[in-house]
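K.L.:
There's a structure below that I have some questions on.
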Amino acid sequence: MSKEPDADPGDGRDETVNERMDRNWTDILQEVRATQTGTQVLAGFLLSVAFQPKFGALDQFQRATYLMLVLTAVITTVLALAPVSLHRSLFRKQVKPRLVRLGHLCLRASLVGVAMILCATVLLVVDVAAGRGWALGATSLVVLLVVGVALLPRVVTLVPHDRGR
């Protein structure tokens, strides 16, 4: 039985295109598991906030922030679930490379949603607990942290590395 040529001979791995796609798909599913649970829990929590007695005391800005948070959490949850749904729908259809690409895009979009949810949650909670000034300051710090984490892969690829270690 002959093996297909290595999918990328320059990366030091000896795997076929199918093996690479299987590995990439497994990586995507692991990453989905990491984001999906937290997103679903936060979305569920946010949905319950509107039914709390003090919800009526929120000002217009806080209500708008809350509604944006709920919509973003639901959209993010759908995006995080999309790769699993796609896999079930496309199972054994011989489209793994397209599935991996689409799953990758859904996961990246859900990570953007998670970042937005984190920032907006800090904005709402700190605004209610400590006031608008504190909320804007705390949210600015979280935005900077999120942007820093998002830029970290670019920094890592700019730093030369020794392949022998």
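K.L.:
Give me the distance in nm between label points sitting 7 Å out from Cα along the Cα-to-Cβ direction at Ala64 and Ala50, one decimal.
P.N.:
So the label points at Ala64 and Ala50 sit 1.8 nm apart.
K.L.:
Oh, and also: Averaged per residue, what accessible surface does the chain expose to a 1.4 Å probe, in Å²?
P.N.:
On a per-residue basis, 69 Å².
K.L.:
Sum -39500 (n - 2.57) across every DSSP H segment of at least 4 residues in the chain, then divide by the residue count to get the 222 nm mean residue ellipticity, nearest 500. Let's see the in-between values first.
P.N.:
Values: 4 runs with 126 residues, N = 165.
Mean residue ellipticity at 222 nm (helix-derived): -27500 deg cm²/dmol.
K.L.:
Take the alpha carbon gyration tensor of the chain, find the square roots of its eigenvalues, order them as a ≥ b ≥ c, and report rounded if a/c is under 1.5; if not, report prolate when a/b exceeds b/c, else oblate.
P.N.:
Because a/c hits 1.5 or more and a/b fails to exceed b/c, the chain counts as oblate.
K.L.:
With Cβ to Cβ distances under 11 Å as the rule, what net charge do the other residues near Phe61 carry (K, R +1; D, E -1)? Walk me through the numbers on the way to the answer.
P.N.:
Numbers: positive: Arg63, Arg132; negative: Asp59, Asp127.
Net of charged neighbours comes to 0.
K.L.:
Using a ≥ b ≥ c from the Cα gyration tensor of segment 70-159 (square roots of the eigenvalues), is it rounded, prolate or oblate, where a/c under 1.5 gives rounded and otherwise the larger of a/b and b/c decides, a/b for prolate?
P.N.:
Note, shape of segment 70-159 comes out oblate.
The values are calculated or read from the model by the stated rules, or taken from the named source; none is laboratory data. The structure presented is a predicted model; accordingly, all values stated were derived computationally and were not measured. Counting neighbours? That spans all protein chains shown, and the Cβs are built from the backbone with ideal geometry, glycine included. In case anyone asks, the SASA skips ligands and DNA or RNA and just uses the protein heavy atoms, side chains included. Shrake-Rupley method; radii C 1.70, N 1.55, O 1.52, S 1.80 Å.
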